[in-house]
Structure formats: C-alpha cells, structure tokens
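The values are calculated or read from the model by the stated rules, or taken from the named source; none is laboratory data. All of these numbers come straight from a predicted model, not from anything done at the bench. Quick reminder, even Gly has a Cβ in these numbers, built from the backbone with ideal geometry, and neighbours come from all protein chains shown.
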Amino acid sequence: MLSRIDLRDQDLSARELLAVVPRADVNVGDALAVVEPIIEDVRVRGEAALRELGERFDGVVPPHLRVPAEEISRALETLDPAVREGLEEAIDRVGRFHRATVPPPVDVELADGATVSQRWIPVGRVGLYVPGGLAVYPSSVVMNVVTAQAAGVPSIAVTSPPQREFGGLPHPTILAACALLGVAEVYAVGGAQAIAMLAHGVEGLCDPVDVITGPGNVYVAAAKRAVNGLVGIDSEAGPTEIAVIADRTANARYVAADLLSQAEHDPMAGSVLITDSPELAEDVERELGALADATRHLARTKEALTGRQSAVILTSGIDQSVAVADAYGAEHLEIHTADAREVAGRIRNAGAIFIGEHSPVPLGDYLAGSNHVLPTGGTARFASGLGVTAFLKAVSYIDYSADALAAVGEKVVALAEAEDLPAHGAAIRARLEG
C-alpha cells in the first residue's frame, strides 16, 4: 500500500534528503489567484458577498451570519454527555498546559538607574477559524480558544462553515464547544470569505481582528497568506501528516493504527514510516492493509496511503532515521524505539513529538494538553505549533535616569555620528548639556 524509499547504504546530504522525502502536491500560491477576488468582494460588499459565497461554496445561505445566542445554548443542551465530558477534559488539560507557558515578565537592571523590561501583552481581538469539510472539529475550537484565553485575549470570534444539513448553522458540536468555552461571537462563514471577514471586518456584523489562527484547506491557507501583514496569522496549515520512527522493537499494529489515524483526515494526508527494520516494515504494511479495509472512510484513507505523500523509508540505522525525520520536519512525529526518550531528544524539526507506544498522535489531537494546530509541509524546520505567543506581543520598556543616560550618552553620540544621523546625537546632547 505504501510506496518504498530505500536509503540504506546511502550517505545523503541534508539537501539531498529534502529532495527525497515524500510531500503532498499542494501549492498555496496557485490558490491565491482564486481567493484574492473573494477577499476583495467581501471587503467591498460585506454581508451580501458573504451570503452569496456561502451559497456558492457551501450550498446554503445562512439565515444568520452571526449565530444567535439561543442556537449556541441549544447545541450545548443537546450535546452527547460523553462528548461533553471529553471536551471538558480537553479544555482543562489544554488550559492548564497553555497557562503555564505564558512567558513571565523580565526586568534587567543594566546599571544604576538603567532598567530595561519586557512584558507580554495580549492582542485585543482574534479570529479563530474552525474547518468543516470531511470531518467535524470541536477539538479545533478547544485548541484555538483555550490558547487565546490563556494568553488573556479579551475579544474572541469563532467562524466555521455553514452546514446545509443543520439549516445553515455550523455543526452543533462546534457550537456546543463554543458554549462550553463562553464564546458568544460565532459566525456561520467558511473558506476564504471567512478570513476576509475577520481581516477587514464587515460593517454592522464583525469588527476586524488583530490575529487569525486555525487550520483549513488550501484556500483558507491562501487567504491567510493574502491578509498576512494586515493582520497576524499563525501559519498556512496544509494537509495533516504523521511520521513514525520505529525500530524492530516497535509494535507493528500500534504503528499501523497511528499511520491510519492521520490518513482518514484527508486524501492528501501524509503517513510516513521511517525504520531501519525491513521486517517491521513488512509487518506494518500487513497490519495497515487489514486496518484500512475495515475503516469507515476507506476511499479517502486508501487514497492518502497510496499517494506520493506517504511512504515507508528504509534507513541504515537510527542515526539516518533521525536525519530523515529532521529533513521531513513532520507535523506529528512518533518515536517507537527501544530508547524513545533519547531519540526524541535528538530531533530538531517536528511540530510535536510523541514519545513511546502509549503517546499516540490522536491523544495529542484531543486532550494530551498540547496543541494540535501544528506546522505542516516541512515548515517545522522554522515554525512552531500554536501557542500563547501567537496571541501575545513582546513590548520593551526603557527606563533610564539622568545619571544613567549621562554614563553612556557620549557613546550614543559617537554611534549616531558613525551612522551619519546627527539629530540622533543632538537629542542625547540636549539632555547631557541640560
């Protein structure tokens, strides 16, 4: 089912590894040409454009673009108790972890009377996108909202595509998750038009936001790229992906089940096994075939597993497995080896690392406490998963006394003259000379 890439006995450079690891064929740049007119239409025509675009792309005209409060409350009242219990546990764990990651203030006294401080200040308003499409993602409500709340953001808007089967409202489980989190501002708007609404605002409906976060399809990613700079964004999330580093000690059924768990998301999802054990690779392939045949979403799962973005990569040993994993830069990286913690400590590039056979990716998708909004497509080489700092700004405070300024004033003047900025120096001298 999975293609094979055999790297045994090959000494490849980092550049060569980047060229051979499997990738989904996704081009956000191509989607820009589609989304830019949509963004401009929403900017100019506002609500009328949102309604027309909802009908065109979602097959329904929402009766209310902003979801009425009673619909949010009703969704919580009718929520399956077991689902509610799971969401409440997720909210608690994700909240406890993310509150602990808020950076503390810093005060540094550089000399007598010379203090520089840093404070992390939350942005005023955020827009959080929750996808619809092939699955329902109340977990994405939790990951985005809880993190923004932990950062101290005072104004939060959630938007999710209208669903024809629910009368033009977002999925009721998404609304119920918003209710549990106390989010009252929810919109039945999806796709690039939702990103446009959040970035530009719509008169009488939605105020513009400062930051937009949340995963979506390629058109959502392209829209986020288009408005980046007008607002802040977290990332351009692509199709989900999992890589597993495994050795001969790994449980083949566990590995196969975890590879399958991400493949059911999307036909473009990537599932990659990195192993130095051909025997394990065979066992995983056998287990994967049996599990895939029994899965509910057989068509899209098989398309994902047989696509160019999924593969078994055979390596000559753990050192090469680590090098391959770093080149791939997986959104989710599982370690199934005899010394999983040690191997995890050697990894440089991954969105999140799941250590050992009892820390599977689906745990992180819901309530491990970590965030499931993670960098995809190899961007883990330079990007992080969603965290509180996505909603915080680091602001410096400079507090010098007259004596502290006098102690370094002539040095500042010298540097200003070296840069041919005499007015800079004059501003210092005005104080030195009284």
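Residues that are assigned to a helix (DSSP H, G or I) and not hydrophobic (A, V, I, L, M, F, W, C) within region 279-298 comprise E279, E282, D283, E285, R286, E287, G289, D293, listed in sequence order. Among the conditions (1) part of a helix (DSSP H, G or I); (2) polar (S, T, N, Q); (3) more than 17 Å from the chain's Cα centre (by Cα), the only one that Q149 does not satisfy is (3). If we scan region 252-265, do we find a residue that is touching a residue at least 60 places away in the same chain (Cβ under 8 Å), of a type in the set (V, I, T), assigned by TED's automatic domain parsing to the domain that holds I335 and buried (at least 21 other Cβ atoms within 10 Å of the Cβ)? There is at least one residue in region 252-265 that is touching a residue at least 60 places away in the same chain (Cβ under 8 Å), of a type in the set (V, I, T), assigned by TED's automatic domain parsing to the domain that holds I335 and buried (at least 21 other Cβ atoms within 10 Å of the Cβ). For E417, the conditions (1) closer than 30 Å to H98 by Cβ; (2) acidic (D, E); (3) loosely packed, with under 14 Cβ neighbours inside 10 Å are fulfilled apart from (1). The C-beta contact set for region 336-348 (first residue closer than 20 Å to V284 by Cβ and exposed (fewer than 12 other Cβ atoms within 10 Å of the Cβ), second residue modelled with pLDDT of 95 or more and among the hydroxyl-bearing types (S, T, Y), distance under 6 angstrom, 6+ apart or interchain) comprises A338/T249. The set of residues in region 211-257 that are in a loop (DSSP other than H, G, I, E, B) and over 17 Å from the mean Cα position of the chain (by Cα) comprises G229, L230, D247, R248, T249, A250, N251. The set of residues in region 204-249 being under 18 Å from E40 (Cα atoms), surrounded by fewer than 20 Cβ atoms within 10 Å (Cβ to Cβ) and without any contact (Cβ under 8 Å) to a residue 40 or more places away in the chain consists of N228, G229, L230. Here A199 qualifies as at negative phi, at pLDDT 95 or above and either surrounded by 20 or more Cβ atoms within 10 Å (Cβ to Cβ) or part of a loop (DSSP other than H, G, I, E, B) (or both). When the test is whether a residue is in contact with a Lys or Arg (Cβ under 9 Å, 6 or more places away or on another chain) and either under 27 Å from L175 (Cα atoms) or free of Cβ contacts under 8 Å to residues at least 12 places away in the same chain (or both), P37 does not pass it. With respect to R300, is the statement that it is over 17 Å from V20 (Cβ atoms) and not hydrophobic (A, V, I, L, M, F, W, C) true? Yes, satisfied.
Only a single criterion out of (1) surrounded by fewer than 16 Cβ atoms within 10 Å (Cβ to Cβ); (2) of a type outside the set (A, V, I, L, M); (3) over 28 Å from L230 (Cα atoms); (4) modelled with pLDDT of 95 or more is not satisfied by P63, namely (4). Just one of the listed residues (P131, P105) is touching a residue at least 12 places away in the same chain (Cβ under 8 Å), within 21 Å of E185 (Cα to Cα) and assigned by TED's automatic domain parsing to the domain that holds G191, and it is P131.
Scan region 42-60 for residues that are surrounded by fewer than 20 Cβ atoms within 10 Å (Cβ to Cβ) and in contact (Cβ under 8 Å) with a residue 40 or more places away in the chain and the total you get is 5. Scanning region 162-184 for residues that are part of a helix (DSSP H, G or I) and either of a type in the set (K, R) or over 23 Å from V61 (Cβ atoms) (or both), we see that the one that is modelled with the lowest pLDDT is R164.
Return a yes/no flag: does region 270-278 have any residue that is at negative phi, surrounded by 17 or more Cβ atoms within 10 Å (Cβ to Cβ), polar (S, T, N, Q) and in a helix (DSSP H, G or I). The answer is no; no qualifying residue exists. Could you tell me whether region 73-84 includes any residue that is under 30 Å from H200 (Cα atoms) and not basic (K, R)? Within region 73-84, one or more residues are under 30 Å from H200 (Cα atoms) and not basic (K, R).
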